[in-house]
Amino acid sequence: MKKYELMYIVNANLDDAAKQELITKMHAVLTDNGATIDKVDEWGLRDFAYEINHMKKGYYVVVTLTASDSKAIDEFKRLALINRDMIRHMIVSLD
């Protein structure tokens, strides 16, 4: 089992219900593919150091998770690249 830290930024222009729905959906992608979520830390709305796609703010979420293989990570990456409301994401192995 490998530990990962996943940080992603959600579009700040979403209302609270849509934001929570997207976060829940993305966490379900991880758990449905065999990962277990150890900790979720929502940093909230933060200013960017530079503009990204004409946006100056984003909603940051940091997740610590454990996965036996890269299936969950690969599926998360795929869906994060497709979804327009996911601005950026970064996955780091903690091992």
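Side notes on the structure shown:
- Residue-wise HN-Hα coupling along region 10-24, computed from phi with Karplus coefficients 6.51, -1.76, 1.60 (Hz; x: Gly, Pro): 9, 4, 6, 7, 6, 6, 4, 5, 5, 5, 5, 5, 5, 4, 4
- Using equal-weight Cα scatterers in the Debye expression, the normalised intensity of region 1-92 in log10 at q = 0.21 Å⁻¹ is -1.02.
- Candidate aspartates and glutamates - alpha carbon under 13 Å from Lys71, same-chain residues fewer than 8 apart omitted: Asp32
- The helix-only estimate of mean residue ellipticity at 222 nm for the chain, built from DSSP H runs of length n ≥ 4 each weighted as -39500 (n - 2.57), is -10000 deg cm²/dmol after division by the residue total.
- Theoretical FRET efficiency, 1/(1+(r/R0)^6), r = Cβ-Cβ of Thr64 and Ala28, R0 22 Å, to 0.05: 0.85
- Karplus-based coupling profile of region 72-83, in residue order and whole Hz: 5, 5, 4, 5, 4, 4, 4, 6, 5, 6, 7, 6, with θ = phi - 60° in 6.51 cos²θ - 1.76 cosθ + 1.60 and x standing for Gly or Pro.
- Asp38-Lys3 pseudo-label distance in nm [points 7 Å out on the Cα-to-Cβ vector]: 0.3
- Each label was represented as a point 7 Å from its Cα along the Cα-to-Cβ direction; for Asp15 and Arg46 these points are 2.7 nm apart.
- Vicinal HN-Hα couplings computed from phi for region 44-49 (Karplus, 6.51 cos²θ - 1.76 cosθ + 1.60; Hz; Gly/Pro x): x, 6, 9, 7, 7, 6
Taken together, the values in this text are just the output of simple stated rules run on the coordinates, not laboratory data. All figures in this text were calculated on a predicted structure; none of them were measured in a lab. Don't worry about glycine lacking a Cβ; one is built from the backbone with ideal geometry, like all the others, and counts go over all protein chains shown.
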